[in-house]
1. Can you put 163, 229, 61, 112 in order of Cβ neighbours within 10 angstrom, beginning with the fewest?
2. One quarter of the convex hull surface, Cα atoms only: what value does that give for region 66-111 in nm²?
3. Compute the length gained on full extension between residue 284 and residue 312: take 0.36 nm times their separation in residues and subtract their Cα-Cα distance, giving the result in nm to one decimal.
4. Per-residue ellipticity at 222 nm for the chain, helices alone: DSSP H runs ≥ 4 residues times -39500 (n - 2.57), over residue total, nearest 500 deg cm²/dmol?
5. Among rounded, prolate and oblate, which fits region 8-174 when a ≥ b ≥ c are the square roots of the eigenvalues of its C-alpha gyration tensor, a/c under 1.5 means rounded, and a/b larger than b/c means prolate?
6. Got the relative contact order for the chain handy, in percent, Cα pairs under 8 Å and 6 or more residues apart?
7. For region 8-174, give me the percentage of DSSP beta bridges that are antiparallel, rounded to the nearest 5 percent.
8. Build a GNM of the chain with springs between Cα atoms under 10 Å: which of 300, 239, 155 gets the top mean-square fluctuation?
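Rule-based calculations on the coordinates, nothing more; no lab input. For clarity, every value in this text was computed on a predicted model and none was experimentally measured. Positions of Cβ are generated from backbone atoms using ideal geometry, with glycine treated the same way; all protein chains shown enter the neighbour counts.
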Ligand code: COA
C-alpha cells in the first residue's frame, strides 16, 4: 500500500451507456435459453449494447466529459489520462490517446491504457494515487470503458448472456485540505489461473516460417471455475481490506462491488453483514460491463440518490488475469 505524501481528492465521477437494450427474452432469438434461467443464476434481466459505429471509445469519451463537468475541471487542466479496458477497440492508438484528442487536450500529456479487465478502475486508481502522492501529476482522468458485446461469442450461451457495454470515469486531483479520499487501496493478480477467462488476439507468423494454431476468437470463460474462485476469496479479501485499514465493516456506508453475478455480490454483502440499502447493484439492467462496472455503479447510484454523499464506500472488483482489488473511498459532496 502507498503511504500518501500528497493526499488525493476524488473530484468527479461520470458514466455513459449505449441506448440499445437487449433483454433476456431477446436472447431467446439467438439460442435456447430463458429469462428465468439467466435471471436466477446471474441477477441479469437486460444489458446495453453498442450498435453500428459506436464503440468503447465513444462511451469512454462521454463518461469522461461527465466526470470532468462534475469535477469542474477543464480538460486542459488534466495532466494524465489512464484508460482501463478489457479489450480496447484499437490496441493502438490507446483509448487514452483517443480520449485526449476527443477532449481537445492540446498539451502533450501522457495517456496510456491498462489491462486489468473488470478490476481496471481499482488498478487505475491505485496508479493515480501513487502519481499524485509523489507530486508527479496533479489532475488525473481515469476512464474505464468496454464494448463486450463485440467480443463475446454470440453462439456461446453460457458467456454471452453475462456481458454488456458501458463506461465510467473518475477525475482525481491533489487534495488541498490534507484529507485523502482513498483511505485504503489494494490490487492483486494470479496469472497461474489466467485460463479461467481469456480473450486472444492472434496474428499470423511470418509466411516464411512454420504457422501456429490460432486460438478461438471471442471471450472464453470457465464460468464455474470463476465463480468458485471468486466466491472463495472475495468476501474474505474485502473484509481483510477493511480490517487492515483499521476500520470495522459497520463504519463504511456502502458496498459498491463489480457487477458480475448477484450471488457473488450477496456473498460479500453477507460477509460484511450489510443490509440491502448499503449495497449498490445495477446488474439487473446492465449485466457485467467489465472495467466500467464499478465506476458506472458508483456514478449512477450517486446520481439516482441511492448513495448519499458525504459518505464512505468500499469498492471491490475481480476479473480476467485473474486480477482483483479493493478500495475504501470517501465520497464528498459535489462529485456527481
Ligand atoms: N440458458 C440455458 N441453459 C444454459 C445456458 C443458458 N444461457 N448457459 C448454459 N446452460 C446450460 C449448460 O449447457 C448446462 O447444461 P447441461 O447441464 O445440460 O450440460 C447447464 O446449463 C449448466 O451450465 P453451467 O455453465 O455449468 O452453468 P452454471 O451453473 O455454472 O452457470 C454461469 C453459468 C456463467 C451463470 C456461472 O458459472 C457464473 O455466473 N459464473 C461466474 C462468471 C463471472 O462472474 N464472470 C465474470 C468475471 S469478471
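1. 112, 229, 61, 163
2. That works out to 3.4 nm², a quarter of the Cα hull's surface.
3. Gain in length upon complete extension: 7.7 nm.
4. After summing the helix terms and dividing by the residues of the chain, the value is -9000 deg cm²/dmol.
5. It comes out prolate by the Cα gyration axes.
6. RCO, the chain: 27 percent.
7. So the antiparallel bridges in region 8-174 amount to around 70 percent.
8. Looking only at 300, 239, 155, the biggest GNM fluctuation is shown by 155.
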